[in-house]
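*Asks:* Can you read through this structure? Questions will come right after.
None of the figures in this text is laboratory data; all of them are computed from the coordinates on show. Since we're looking at a predicted model, the values are computed, not measured. Because the Cβ atoms are built from the backbone with ideal geometry, glycine has one as well, and the counts that use them run over all protein chains shown.
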Amino acid sequence: MSRHQGMWWQSFSVFMARILPSQLLKTMIYTLKKKYVIGVVAIVFNSNGELLILHHTYRKEFLWRLPGGLKEATETPFETVVRELQEEANLQVEPLFLVALAQATISLDVAVLCKVVSEGEFVANPEVSARKWVDPREFMHQLPSEQQGFVVEALRLRALGIMNWGDHYE
């Protein structure tokens, strides 16, 4: 679209926003705008600084990876990590803050740093066959590239003193 065409479209859009009823405008925007799938990835460290990874049964590559899943329409990313970690790993967590964003293959992934509140006995399920704690620096290169970036950012924040995962359990 040329600059002139872009300006015309912008002027037209502003004009329509002024005259259309609010609900109709919202419906049109929702219909016309591109939709995104939001994936939420949990970054969880234990008191030894080890990173939680899960063995996913349905993956063709990178079977061991960070826990997470797709955000439901009514959930916040924090609610998604709480649900996913309970379902996949039998962990109760407290989400602390967003660490990073990355464009994945089919989704926009949001990484959330979580603190473990309690760790139940792991029970294999259709999605996840095992969980383990690993040294993040040794294991990081076995993760998908976007997840490597999340771990690097979490480690950087720790080195800056912005976060501390030493208080594993309350």
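*Asks:* If I stretch the segment between Asn125 and Tyr36 completely, what's the gain in nm (0.36 nm per residue apart, minus their alpha carbon distance), one decimal?
*Replies:* Full extension of this stretch gives 29.3 nm more.
*Asks:* Student exercise: in the chain, how many lysine pairs 8 or more apart or on different chains have Cα atoms under 21 Å apart?
*Replies:* 8
*Asks:* Using the Cα gyration tensor of the chain, with a ≥ b ≥ c the square roots of its eigenvalues, what is the shape: rounded (a/c below 1.5), prolate (a/b larger than b/c) or oblate (neither)?
*Replies:* Prolate, because a/c is 1.5 or more and a/b exceeds b/c.
*Asks:* Give the long-range amide H neighbours of Ala100: residues separated by 5 or more places, or on another chain, with amide H under 5 Å away, using H modelled in the peptide plane at 1.01 Å from N.
*Replies:* Amide H neighbours of Ala100: Ala111.
*Asks:* Could you pull out the longest piece of the chain with no exposed loop trypsin sites (Lys or Arg not before Pro) in it, calling a site exposed if DSSP puts it outside H, G, I, E, B and it has at most 13 other Cβ atoms within 10 Å?
*Replies:* 61-170
*Asks:* May I ask for the Rg/Rh ratio of the stretch 58-135, computed from Cα atoms with Rh as the Kirkwood radius, given to two decimals?
*Replies:* Radius of gyration over Kirkwood radius for the stretch 58-135 works out to 0.94.
*Asks:* While we're looking at this one, here's another question. Nearest 500 deg cm²/dmol is fine: what mean residue ellipticity at 222 nm does the chain get from its DSSP H runs of n ≥ 4 alone, each adding -39,500 (n - 2.57), divided by its residue count?
*Replies:* Calculated from helices alone, the mean residue ellipticity at 222 nm is -11000 deg cm²/dmol.
*Asks:* Residue separation times 0.36 nm, minus the C-alpha to C-alpha distance between Trp9 and Gln23: what's the value?
*Replies:* Answer, rounded to one decimal: 2.9 nm.
*Asks:* Mind checking the stretch 61-170 for chymotrypsin sites (Phe, Trp or Tyr not before Pro) that DSSP puts in a loop (not H, G, I, E or B) and that have at most 14 other Cβ atoms within 10 Å?
*Replies:* Listed in order of number, the matching sites are Phe62, Tyr169.
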